[in-house]
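Chemist: Please find one structure pasted underneath; my questions will follow.
Read-outs: derived from the displayed coordinates by stated rules, not from any lab. Owing to the predicted nature of the structure, the values given are computational and were not obtained by experimental measurement. No Cβ is skipped: glycine too gets one built from the backbone with ideal geometry, and neighbour counts run over all protein chains shown.
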Amino acid sequence: MQKQAKIFWTSYADLMTSLFFIMLVLFVLAIAMMKKDAKANKEQIDMINNIQKSIEKLDKTYFSYDNDYKRFSLNKQIQFEPADSKIQDQYKPYLLAVGKEIENLIVELKSDIKNKDIKYMIIIEGMASNDYYKRNDELSYLRALSLFKLWSQNNIYFDPSICELQIAGSGIKGVGRFQGKNNEFKNQRFLIQIIPKIGKLKN
């Protein structure tokens, strides 16, 4: 009986020792994985910050960066005829320079992200003033589309291998609009957003 009890406790002790080492190994692995994830998250945050700084280097001649809404607006007020989406000739040289500046930025960013799974989304957002025109939603989209067509017709090209272009219209909605009756006409404008999309980090 004592021999059987001794064998039992010896086996039990061996089992507990084995379980202890298994738990110890799992604990070490868990800590290692957590540290790896934390490092990856920090690398992503650092990369996002660096990309954001690069984007904010767009020429201040053409762009103003809005820290509150994390987007760009054009420095020059683009005016349209009422209920019209046609870009007037006087604004075309300026808008072509704007497109060229973005094109150059994309080329620069592409050289900076070699071996990294990063894409960009460029959003051209057209807006409309609240003048009670019934089709302001469609009008704002057509204004953004007219800018895209102007760039395309003049061979301004955003590399689709790293860049997705979206055309949008926010009508009389959206955030960060000019307020007050005397300022309402200023909402006839374009907004440009350049958004990084980060996938897996590669060494």
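Chemist: Can you give the FRET efficiency for TYR132 and ALA30, using 1/(1 + (r/R0)^6), R0 = 45 Å, r = Cβ-Cβ distance, to the nearest 0.05?
Modeler: Taking R0 as 45 Å, the efficiency between TYR132 and ALA30 is 0.15.
Chemist: Quote the FRET efficiency, to the nearest 0.05, computed for TYR69 versus LYS100 with a Förster distance R0 of 25 Å and r equal to the Cβ-Cβ distance.
Modeler: FRET efficiency, TYR69 to LYS100: 0.55.
Chemist: Excluding ASN130 itself, what net charge comes from residues whose Cβ is under 14 Å from its Cβ, given Lys and Arg +1 and Asp and Glu -1?
Modeler: +4
Chemist: Continuing with this model, one more query. For the residue pair LYS86 and GLN153, what label-to-label distance in nm results when each label sits 7 Å from Cα along the Cα-to-beta-carbon direction?
Modeler: Calculated label separation equals 1.0 nm.
Chemist: Okay, next question. So, counting K/R as plus one and D/E as minus one, what does the shell of residues with Cβ under 11 Å around SER146 add up to?
Modeler: Summing Lys and Arg as +1 and Asp and Glu as -1 gives +3.
Chemist: Structure shown: which of LYS119/LYS149; LYS110/LYS186; LYS149/LYS173; LYS110/LYS134; LYS76/LYS134 lie over 32 Å apart, alpha-carbon to alpha-carbon?
Modeler: Long pairs (Cα-Cα over 32 Å): LYS110/LYS186; LYS110/LYS134.
Chemist: If I model a spin label at LYS119 and LYS181 as a point 7 Å from the Cα along the Cα→Cβ vector, what separation in nanometres do I get?
Modeler: Result for the modelled spin labels: 4.7 nm.
Chemist: Using a 10 Å cut-off on Cβ atoms, rank the peptides 73-84, 151-162 from the highest mean neighbour count down.
Modeler: Descending mean neighbour count gives 73-84, 151-162.
Chemist: Between LYS76 and LYS173, what is the label-point separation in nm under the 7 Å Cα-to-beta-carbon projection?
Modeler: The answer from the label model is 3.1 nm.
Chemist: Let me check I've understood the local charge: for LEU74, count other residues with C-beta under 14 angstrom from its C-beta, Lys and Arg +1, Asp and Glu -1. What total comes out?
Modeler: +4
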